[in-house]
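K.L.:
Quick one: structure below, then a few questions.
The values are calculated or read from the model by the stated rules, or taken from the named source; none is laboratory data. None of the values given here were measured: they were computed from a predicted structure. As a convention, Cβ positions derive from the backbone with ideal geometry for all residues, glycine included, and neighbour counts pool all protein chains shown. These area figures cover heavy atoms from the full protein model, side chains too; ligands, DNA and RNA do not enter into them. Shrake-Rupley method; radii C 1.70, N 1.55, O 1.52, S 1.80 Å.
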Amino acid sequence: LAFAATTDDGASGKNAYLHLVLPLAGHEVSSIGALYINDERIEPVALPEEWMAPAASSRFSNPTAGAPPFIQWQCRLGTPDQLALRGLFLRVPGWGEQPRLRGVAYLYAQLYYSSTVWGGGLPNLSAIVRGRKVYDPRTGLTGWSDNPALIIRDYLLAPFGLACEADEIDEDSFVAAAMLCEERVPVTGRSEQKRYSCNGVFALDEKPIEIVEHLLSSCGGTLVYSEGRYRLYPAAFRTPILSLGAGHLRDEVTVRPLPPRSERPNTVRGTFVDPARGWQQTDFTPVADSTALSADNGLVIARDHDFAFTTDASMAQRLAQLQLRRARHALTVGFPATLAALPVTVMEPLYLPLPQFGWQEKVFTPVAWTLTPEGGIDLELVEDDPALYSWDGGAVLDAALPLPPLPDIYPAAPSLQLQDEVQQGEGGSSLRLVVEISGVADVFINRIEV
């Protein structure tokens, strides 16, 4: 909340209107849609002078003839040359035409006083926003997108992000990542969906590395800084173009078949952002590996993942299944190579034919690359396989976990029966009004005032 003021109404009295200005983003956004009032969605109806108000059927509309709605609002998208809102500077003395909030997307709301509608105090206002416009190197156009690769690229370059130079971005890598994210995968109950989408919001008081990790979680991706440039690798199997063998060794190979048991979950659970529940963090149905559970003698070893930038239960489960398979199939090889391994790049898969282990065309992904003082390269390689990324359309439940029923915070009005009684006395007669209240069965009602 950046600004608040009250103004009078000649018909209703002092402080009849409350004016609120709420910035939504520190940059231009693509669109601002429905309004949420205390987590209750209100679809807008356009009115003159760019006013928007709730539909007539909403309890925030005003049934009194000629009276304004209980809430009206206007928006600005945060363009560099935007003008001040006319409704704001005409209605609020002292605001004027100069506070234009250029480069800031914001919402201006005018609330009309009602002890019934606003009995709970100042409401919490929020909005559905299609956010920042991002550049797509494939088309040369800038616009809204939920492609994780384009969003991560934008954050790397943005002045409020990592503020990288343009030549620090490996464009080929991000183009390939963007294409992969837009591939279609089957989904139970639907024909298909994008492989990965990124929808969420972050605040700039978070650590940049945490923001990047949240963005990467939407595509199961890895961001690598190599040779002075960033490369992005969303979760997917890639066919190797390099091969290492015994002829590239300078010392003995070390093999770790499996990580410790505590690092090998057989169940992954977590949360995603559910649009059907007011865009709140919601548990998805956990993903479990029955074969792994049997191997662990029925002991549930769970790992939690919060997919803060995923808004689809099926996509969250697909990402969770990927995390589960990666953890269970984590054959790791320490490969002390000669300088012949210089072309090897972290996250670029390679073939590792080592007949002494029975490996002919086994695929590994380098996850660490170290130049040694004696003039060699130490590689850490992790097993990769196309089966890790397979998805049959939703073998696990495509649903969020059910939430317990919650009480309605706006209880129904009680029934009232009124009766006049005239009482005679020595000094004359008096009129008494008898009020009988019934139908109060709500434990959340503390008292009733007449």
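K.L.:
Measure of size requested: the Rg and Dmax of the range 159-267, with Cα atoms as the atom set and Å as the unit; please supply both.
P.N.:
My reading of the Cα-based Rg and Dmax gives 18.4, 54 Å.
K.L.:
Of Val175, Gly66, Val129, which is farthest along the charge dipole of the range 49-206 in the positive direction, counting Lys and Arg as +1 and Asp and Glu as -1 at C-beta?
P.N.:
Gly66
K.L.:
Tally up the carbon and sulfur contribution to the accessible surface of the range 55-131 as a whole percent, 1.4 Å probe, everything protein left in place.
P.N.:
The C+S portion of the solvent-accessible surface of the range 55-131 is 54 percent.
K.L.:
Picking from Gly143, Ala163, Gly119, whose Cα lies most toward the positive end of the charge dipole for the range 74-173 (charges on Cβ: Lys, Arg +1; Asp, Glu -1)?
P.N.:
Gly119
K.L.:
With each pseudo-label sitting 7 Å past Cα toward Cβ, what's the Gln281-Glu40 distance in nm, one decimal?
P.N.:
2.7
K.L.:
To continue, here is another question. Distance in nm between label sites at Glu171 and Ala413, each 7 Å beyond Cα in the beta-carbon direction?
P.N.:
Distance between label points: 6.5 nm.
K.L.:
Given +1 on the Cβ of Lys and Arg, -1 on the Cβ of Asp and Glu, and no further charges, what dipole in debye does the chain carry about its Cα centre, rounded to the nearest 20?
P.N.:
280
K.L.:
Right, something else. Among the lysines, select those whose C-alpha is under 28 Å from the C-alpha of Lys133, and discard any that sit fewer than 8 residues away in the same chain.
P.N.:
Here the lysines satisfying the reach criterion relative to Lys133 are Lys194, Lys207.
K.L.:
Amide H to amide H under 5 Å from Gly131: which residues, 5+ apart in sequence or cross-chain, H placed 1.01 Å off N in plane?
P.N.:
Sorted by chain and number, the residues that satisfy this are Ser30.
K.L.:
Now, a different point. What FRET efficiency comes out for Gln424 versus Ala56 if R0 is 41 angstrom and r is the Cβ-Cβ distance? Round to the nearest 0.05.
P.N.:
Approximately 0.25, to the nearest 0.05.
K.L.:
Related question: Per-residue HN-Hα couplings for the range 186-197, Karplus 6.51 cos²θ - 1.76 cosθ + 1.60 at θ = phi - 60°, whole Hz, x for Gly and Pro?
P.N.:
Whole-Hz 3J(HN,Hα) from phi for the range 186-197: x, 9, 4, x, 9, 5, 5, 8, 4, 4, 9, 9.
K.L.:
Could you give the size of the charge dipole of the range 142-299 about its Cα centre, using +1 on the Cβ of each K and R and -1 on the Cβ of each D and E, expressed in debye and rounded to the nearest 20?
P.N.:
Approximately 600 debye in magnitude.
K.L.:
For the chain, find the longest principal axis of its Cα atoms and tell me its angle to the long axis of helix 171-181, 0 to 90°, nearest 10.
P.N.:
Around 60 degrees separate the two axes.
K.L.:
For labels at Leu83 and Leu204 in the simple 7 Å Cα→Cβ model, what's the distance in nm?
P.N.:
Between Leu83 and Leu204, the simple spin-label model gives 2.8 nm.
K.L.:
Expressed as a whole number of Å, what is the distance separating the alpha-carbon centroids of the range 14-93 and the range 257-299?
P.N.:
Between the Cα centres of the range 257-299 and the range 14-93 lies a distance of 42 Å.
K.L.:
Computed over the Cα atoms of the range 231-324, what is the ratio Rg over Rh, Rh following Kirkwood?
P.N.:
Ratio value, two decimals: 1.12.
K.L.:
Can you tell me the FRET efficiency between Ala387 and Lys194 if r is taken as the Cβ-Cβ distance and R0 is 30 Å, rounded to the nearest 0.05?
P.N.:
Given R0 = 30 Å and the Cβ-Cβ separation, E is 0.90.
K.L.:
If amide H atoms are built 1.01 Å from N in the plane of the peptide, which residues on other chains or at least 5 residues away come under 5 Å of the amide H of Gly270?
P.N.:
Those qualifying (amide H under 5 Å, at least 5 residues apart or on another chain) are Phe284, His305.
K.L.:
With a sphere of radius 10 Å drawn around the Cβ of Val273, what net charge do the other residues whose Cβ falls strictly inside it have (Lys, Arg +1; Asp, Glu -1)?
P.N.:
So the environment of Val273 carries a net charge of -2.
K.L.:
Charges only on Cβ, +1 for Lys and Arg, -1 for Asp and Glu: so what's the dipole of the range 262-397 about the Cα centre, in debye to the nearest 20?
P.N.:
For the range 262-397, the charge dipole is close to 260 debye.
K.L.:
In terms of modelled amide H atoms, which long-range or inter-chain residues lie less than 5 Å from the amide H of Ser226?
P.N.:
Result for Ser226 returns Arg231.
K.L.:
Would you kindly derive the ³J(HN,Hα) couplings of the range 72-86 from the backbone phi angles with the Karplus curve 6.51 cos²θ - 1.76 cosθ + 1.60 (θ = phi - 60°), listing them in order in whole Hz, with x for Gly and Pro?
P.N.:
Residue by residue, the range 72-86 yields 9, 8, 10, 9, 10, 8, x, 5, x, 10, 5, 8, 5, 6, 4 Hz.
K.L.:
Hey, what do the phi angles of the range 113-124 turn into as Karplus ³J(HN,Hα) couplings, whole Hz, using 6.51/-1.76/1.60 and θ = phi - 60°, x for Gly and Pro?
P.N.:
Ordered by residue, 3J(HN,Hα) equals 5, 7, 5, 7, 5, 9, x, x, x, 4, x, 8 Hz.
K.L.:
Among His329, His248, His214, which one moves the most in a GNM of the chain with springs linking Cα atoms closer than 10 Å?
P.N.:
Evaluated over the chain, the most mobile residue of the options is His248.
K.L.:
Which of the listed residues, Leu232, Gly87, Ser262, is farthest toward the dipole's positive end in the chain, when Lys, Arg count +1 and Asp, Glu count -1 at the beta-carbon?
P.N.:
Gly87
K.L.:
Okay, moving on. Go ahead and set up a Gaussian network model of the chain, Cα springs under 10 Å, then flag whichever of Gly425, Gly245, Gly119 fluctuates most.
P.N.:
Most flexible of the set in this elastic network: Gly425.
K.L.:
Here's another thing I want to ask about it. Enumerate the residues in the range 235-276 having an amide nitrogen under 16 Å from the point lying 7 Å beyond the Cα of Thr370 toward its Cβ.
P.N.:
250-256, by backbone N distance to the label point.
K.L.:
With just the Cα atoms of the range 86-128, tell me how far they stretch along each of the three principal axes, in Å, largest first.
P.N.:
36, 27, 12
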